[in-house]
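Note sheet for the following structure.
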Amino acid sequence: MMGVQLLTSHRAKKRLSEKKIWSYLNQFQKENKEAHFTRIESSTINGIPDVYCVFKGYSFWLELKANVVKNCNMSKFQMVWHINNKRAGGNCFILNWPLLELGPKLLEVREPSAVVPVSTVPVPVLHILLWLEDVIL
């Protein structure tokens, strides 16, 4: 009986997709004049993140993920792109949000190709994360 209840409650959880995460980010930028986000669809540049963001003067890249697999299922091209961008002084993160109820998680790629939680979240990015968490309520 308990197994049936667990299965039922698991089905009640709302799974997200990268498309849905983008729609939340797009809603955020519509509500905030200091935000400018561009969704990147590139078949010519391997590994480039999904969204280029500028918010309150801080520019960064976001790779959108909605899964619970190891390393968020980042491809080797994505890993290399993130590492090279960071080496050059750029800012790039992974926004992973597989289940609405769990809230978004901010991750980053560290050498040698490991996806880990961000240790220090820049204030503009934190502002976005807090807004996204409010979407749940």
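The values are calculated or read from the model by the stated rules, or taken from the named source; none is laboratory data. Predicted model only: the values in this text are computed from it and were never measured. Cβ sites come from the backbone with ideal geometry, for glycine too, and all protein chains shown count toward neighbours. The protein model used for the area step is the full one, side chains on, heavy atoms only, and it has no ligands, DNA or RNA in it. Shrake-Rupley method; radii C 1.70, N 1.55, O 1.52, S 1.80 Å.
The condition (being open to solvent by 50 Å² or more (accessible area, probe 1.4 Å), touching a helix residue (DSSP H, G or I) at 6+ places or on another chain (Cβ under 9 Å) and farther than 16 Å from residue 105 by Cβ) is satisfied by just one residue among 46, 32: 46. Exactly one residue out of 23, 75 is open to solvent by 40 Å² or more (accessible area, probe 1.4 Å), among the small types (Gly, Ala, Ser) and without any contact (Cβ under 8 Å) to a residue 24 or more places away in the chain, and it is 23.
Rundown of residues vs (1) open to solvent by 20 Å² or more (accessible area, probe 1.4 Å); (2) basic (Lys, Arg), yes/no style:
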position: 56; (1), (2): yes, yes
position: 59; (1), (2): yes, no
position: 64; (1), (2): no, no
position: 85; (1), (2): yes, no
position: 88; (1), (2): yes, no
position: 110; (1), (2): yes, yes
position: 113; (1), (2): yes, no
position: 120; (1), (2): yes, no
position: 132; (1), (2): no, no
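Taking the listed residues 68, 135, 125, 80, the one that is under 23 Å from residue 20 (Cα atoms) and without any contact (Cβ under 8 Å) to a residue 60 or more places away in the chain is 68, with no other qualifying. Being aliphatic (A, V, I, L, M) and more than 22 Å from residue 38 (Cα to Cα) is not true of residue 80. Out of 99, 132, one residue alone is hydrophobic (A, V, I, L, M, F, W, C) and under 21 Å from residue 35 (Cα atoms). It is 132.
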